[in-house]
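Asker: Take a look at this one; I'll ask things after.
The values are calculated or read from the model by the stated rules, or taken from the named source; none is laboratory data. Only a predicted model underlies this, so the values are computations on that prediction, with no experimental measurement involved. Positions of Cβ are backbone-derived with ideal geometry, glycine not excepted, and every protein chain shown enters the neighbour counts.
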Amino acid sequence: MDWTRYPRRIAVTGGAGFIGSNLLLSLVPKYPEYLFINIDSLTYAGNLANLKAIETADNYYFEKVNICDFAALRDCFEKYGINAVIHLAAESHVDRSISGPAEFINTNIVGTFNLLELARESGKTGPFRFHHVSTDEVYGSLGETGYFTEESSFRPNSPYSASKASADHLVRAYHKTYGLDVVTTNCSNNYGPLQFPEKLIPLMLRNAVAGLPLPVYGDGMNVRDWLYVADHCQALDLVFHSGIAGKTYAIGGHNEITNLELVKLLCRTLDDLLGGGPRENLIRFVQDRPGHDRRYAIDASRIQKELGWRPEHSFEQGIRETVQWYLDHADWLESCISGEYLQYYARNYHHRTAGST
Ligand code: NAD
Ligand code: DAU
């Protein structure tokens, strides 16, 4: 097959995960002139069923490859003549990084290094853009006021965020040292369809519908800045196409809310839609996450001013649509719950049993 009829041959790593699949579902039909190769090893968090709507598209291919396997990755780069990467593959759950950090070091650091090396190699023969998708957690934790910006210092507090920060540094170094065309985005908490139910929102929705306890860590006063996943994908599209090489872009939704308020909002929305409740009675305060960051909030002025990005979804609209999506996709939610997940949950849940409302 002559892939060169596609001017851009883009490896999207982690394309079977939450953000990666939302991104591919929007980009593959939008850019028929590009070739998209989804490189994913299908860990517990990867689910090809997410991609049903595009699996037969002419400009989409899937390769089951672990980004830690340099030889397999190189074969893939050669096979398609890859000339751009949007890098999302990662171990992404903070709690898992606390109970088992090794996989985070391998995938998030060594895997990123492998991709950078291949980009450097491929970049010798033509233009190559490397878009690294990262997190606001690299900046650590805020007090009651202030915002993270692109100039904030790195102060990661969990093995997850430290591994992402390491990857961010490697990406920067490949630009400074080798002149690789890189852009990095640091985004706040995403929510929306297709998120694995170990993360706060889908976990709480699943438990609340089933009448199970809703485990809120610590005092529930930790603050996150939530962004609807489609708005993040729109920002990724913009930065991939128009971001300045070597720059980083902070992305956030300006939707700060405490975990406790958010869980109560989810309960009220379910009560409205399903009747019954009040599901708030299911809330249980449990032992805190070690090193738990208190507050994240993003000042997204750079991407707004320079690239004209603005989130399109209000928080109220996004949450309502999200709750409805999980209600309509109970089968998807249950299909995520593998034996591995249940064992993980059972192993870790006993650390977190303290008090109740
Ligand atoms: P996710 O856990 O839902 O998906 C990760 C995907 O990567 C899965 O499909 C998994 O199979 C794949 N993967 C994991 N290890 C791999 C390996 N060694 N080789 C190949 N594939 C592998 O994650 P997500 O929430 O979609 O996050 C995607 C990216 O965005 C991550 O880099 C994360 O750090 C970043 N991010 C996430 C958020 C958020 O709120 N979810 C916010 C900001 C940034
Ligand atoms: O900020 C971006 C980050 O957001 C991403 O880089 C991560 O990949 C993503 O997982 C997310 O990290 P968080 O740790 O903020 O997300 P999580 O959904 O795990 O938790 C959100 C908040 O809710 C956090 O303060 C911990 C709390 N929490 C979480 C769970 C799973 C609870 O109180 N109870 C829970 O059961």
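Asker: Tell me the residue from THR112, THR135, THR107 that is under 18 Å from SER188 (Cα atoms) and within 15 Å of ligand 2 (Cβ to nearest atom), please. Outline the logic, then answer.
Answerer: Details: THR112 fails: under 18 Å from SER188 (Cα atoms); THR107 fails: under 18 Å from SER188 (Cα atoms).
Unique residue meeting the criteria: THR135.
Asker: Give the residue, chosen from LEU282, LEU270, LEU266, LEU327, that is at pLDDT 95 or above, surrounded by fewer than 19 Cβ atoms within 10 Å (Cβ to Cβ) and more than 15 Å from ligand 1 (Cβ to nearest atom).
Answerer: Values: LEU282 fails: surrounded by fewer than 19 Cβ atoms within 10 Å (Cβ to Cβ); LEU270 fails: surrounded by fewer than 19 Cβ atoms within 10 Å (Cβ to Cβ); LEU266 fails: surrounded by fewer than 19 Cβ atoms within 10 Å (Cβ to Cβ).
The unique qualifying residue is LEU327.
Asker: Among GLU137, GLU144, GLU91, GLU63, which is touching a helix residue (DSSP H, G or I) at 6+ places or on another chain (Cβ under 9 Å) and surrounded by fewer than 19 Cβ atoms within 10 Å (Cβ to Cβ)?
Answerer: Values: GLU137 fails: surrounded by fewer than 19 Cβ atoms within 10 Å (Cβ to Cβ); GLU144 fails: touching a helix residue (DSSP H, G or I) at 6+ places or on another chain (Cβ under 9 Å); GLU91 fails: surrounded by fewer than 19 Cβ atoms within 10 Å (Cβ to Cβ).
It is GLU63.
Here's the yes/no breakdown for (1) in contact with a helix residue (DSSP H, G or I) (Cβ under 6 Å, 6 or more places away or on another chain); (2) more than 17 Å from GLY252 (Cβ to Cβ):
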| residue | (1), (2) |
| --- | --- |
| ILE109 | yes, yes |
| LEU116 | yes, yes |
| THR125 | no, yes |
| PHE130 | yes, yes |
| VAL133 | no, no |
| PHE148 | yes, no |
| SER152 | yes, no |
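Asker: Tell me, which residue of segment 109-134 that is assigned to a loop (DSSP other than H, G, I, E, B) and surrounded by 17 or more Cβ atoms within 10 Å (Cβ to Cβ) is nearest to the chain's Cα centre (by Cα)? Outline the logic, then answer.
Answerer: Restricting attention to segment 109-134, the residues satisfying the condition of being assigned to a loop (DSSP other than H, G, I, E, B) are 123-128.
Then keep just the ones that are surrounded by 17 or more Cβ atoms within 10 Å (Cβ to Cβ); that gives 123, 128.
Numbers: GLY123: 26, PHE128: 23 Å.
Restricting to residues being assigned to a loop (DSSP other than H, G, I, E, B) and surrounded by 17 or more Cβ atoms within 10 Å (Cβ to Cβ), the top hit is PHE128.
Asker: In segment 194-204, is there at least one residue being polar (S, T, N, Q) and in contact with a Phe, Trp or Tyr (Cβ under 7 Å, 6 or more places away or on another chain)?
Answerer: yes
Asker: Counting just the residues of segment 193-236 that are in a helix (DSSP H, G or I) and not hydrophobic (A, V, I, L, M, F, W, C), which one comes out nearest to ligand 1 (Cβ to nearest atom)?
Answerer: HIS232
Asker: Let me ask something else about it. Taking the conditions exactly as written (of a type in the set (Gly, Ala, Ser), under 20 Å from VAL239 (Cα atoms) and within 14 Å of ligand 1 (Cβ to nearest atom)), does ALA119 satisfy them or not?
Answerer: So ALA119 does not fit the description; no.
Asker: Filter segment 158-192 down to the residues that are part of a loop (DSSP other than H, G, I, E, B), touching a helix residue (DSSP H, G or I) at 6+ places or on another chain (Cβ under 6 Å) and within 16 Å of ligand 2 (Cβ to nearest atom), then identify the one that is farthest from VAL323 (Cα to Cα).
Answerer: Looking at residues that are part of a loop (DSSP other than H, G, I, E, B), touching a helix residue (DSSP H, G or I) at 6+ places or on another chain (Cβ under 6 Å) and within 16 Å of ligand 2 (Cβ to nearest atom), I get SER158.
Asker: State the number of residues belonging to segment 153-181 that are under 24 Å from LYS305 (Cβ atoms), within 15 Å of ligand 1 (Cβ to nearest atom) and touching a residue at least 40 places away in the same chain (Cβ under 8 Å).
Answerer: Of all residues in segment 153-181, those under 24 Å from LYS305 (Cβ atoms) come to 153-154, 168, 171-172, 175, 181.
Cutting the leftovers down to within 15 Å of ligand 1 (Cβ to nearest atom) gives us 154, 168, 171.
Checking which are touching a residue at least 40 places away in the same chain (Cβ under 8 Å) leaves us with 168, 171.
Final tally of qualifying residues: 2.
Asker: Answer yes or no as to whether VAL239 is assigned to a strand (DSSP E or B), surrounded by 19 or more Cβ atoms within 10 Å (Cβ to Cβ) and either without any contact (Cβ under 8 Å) to a residue 40 or more places away in the chain or β-branched (Val, Ile, Thr) (or both). Steps first, please.
Answerer: Details: assigned to a strand (DSSP E or B): no; surrounded by 19 or more Cβ atoms within 10 Å (Cβ to Cβ): yes; either without any contact (Cβ under 8 Å) to a residue 40 or more places away in the chain or β-branched (Val, Ile, Thr) (or both): yes.
Here the answer is no, as VAL239 does not meet what is asked.
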